[in-house]
1. Looking at the structure I just gave you, is residue 77 under 14 Å from the mean Cα position of the chain (by Cα) and under 22 Å from residue 58 (Cβ atoms)?
2. How many of the residues making up the range 43-64 are under 19 Å from the mean Cα position of the chain (by Cα) and open to solvent by 10 Å² or more (accessible area, probe 1.4 Å)?
3. Taking the stated definitions as given, is residue 10 farther than 28 Å from residue 226 by Cα, at pLDDT 80 or above and assigned to a helix (DSSP H, G or I)?
4. Would you be able to tell me the number of residues in the range 153-170 that are within 22 Å of residue 34 (Cβ to Cβ) and either open to solvent by less than 20 Å² (accessible area, probe 1.4 Å) or assigned to a loop (DSSP other than H, G, I, E, B) (or both)?
5. Consider the range 121-141. How many of its residues are open to solvent by 10 Å² or more (accessible area, probe 1.4 Å), assigned to a helix (DSSP H, G or I) and among the aliphatic types (A, V, I, L, M)?
6. Hey, any hits in the range 190-199 for a residue that's at pLDDT below 95, of a type in the set (Gly, Ala, Ser), outside any loop (DSSP other than H, G, I, E, B) and within 21 Å of residue 69 (Cα to Cα)?
Amino acid sequence: MSTMARRDARSHVSATATLAAIEGRLLLRDPASLFTVAIPVFLLVVFGASSGAGATAVLPTTLATAIGLFGLYLVPTTLATYRERGILRRLSVTPLSPARLLGVQLLLQTVLALASCTLLVAVGAAMGAALPVDVVAFAAAVVLGLACLLSCGLLIGAVAPNGRAANGIGVLLYFPLAYLGGLILPPPLMPPAVLAIGAFTPLGALRDALAAAWDGGGSALSLGVMAAYAVCVSLAAVTLFRWE
């Protein structure tokens, strides 16, 4: 690699690190980020303390809720708001490309989502919840769940005309998917046909995979459903994404 190429590479790394630091501060100051992290913890504490089954039974559901809120609420609202304010268009004429901004945003939101999941597991453990029996299956469920739900958020952000529309689409999608996925009613109280359909939705597959990890058995079907969503929806998002 020539001296000039190495200098350019160092310049790109430095610019990306600066961009990540700025976007990280903005993300942490955003009230929506606090809402997305706090709501699942609130649900875990309230329902974990009042449920006869304890926090162990509630923890997989609240983890799926947290990842769902990041994917269907925070990611699309952020991306569509950036396009609405012309930030992506202005960046397109600078050395900091819009693609780099999107990459940094997805990385930061993934890190924040993982921190939220870690916080939930820590709070659950403090309440006496058992940890997942199959740690590998748990890690696979979280990683594929993030890939699946964040790709859904990218698709919403790709087609929504502005931040308000992205927020509305995300909320409209979240609640039906949360119901089908067993995040609103306990699965034993749901009709079997609804549960069967919900197993093939992003949130249903995620909840099933997390619950299986807690029981000690992996769920190949649920992991496969999430992987299929991640690939297909990501391709659709990349195809439909508009910078302005």
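The values are calculated or read from the model by the stated rules, or taken from the named source; none is laboratory data. Source: prediction; values computed, not measured. Heads up, the Cβs are rebuilt from the backbone with ideal geometry, glycines too, and the neighbour counts pull from every protein chain shown. These accessible areas exclude ligands, DNA and RNA; they are computed on the full protein's heavy atoms, side chains included. Shrake-Rupley method; radii C 1.70, N 1.55, O 1.52, S 1.80 Å.
1. Numbers: under 14 Å from the mean Cα position of the chain (by Cα): yes; under 22 Å from residue 58 (Cβ atoms): no.
Answer is no for this residue.
2. We begin by selecting, within the range 43-64, every residue under 19 Å from the mean Cα position of the chain (by Cα); these are 43-44, 58-64.
Filter once more, keeping what is open to solvent by 10 Å² or more (accessible area, probe 1.4 Å): 43, 58, 61.
Going through the range 43-64 one residue at a time, the tally reaches 3.
3. Details: farther than 28 Å from residue 226 by Cα: yes; at pLDDT 80 or above: no; assigned to a helix (DSSP H, G or I): yes.
When the stated conditions are applied, residue 10 does not pass them.
4. The qualifying residues number 6.
5. Result for the range 121-141: 10.
6. Yes; the residues of the range 190-199 include at least one that is at pLDDT below 95, of a type in the set (Gly, Ala, Ser), outside any loop (DSSP other than H, G, I, E, B) and within 21 Å of residue 69 (Cα to Cα).
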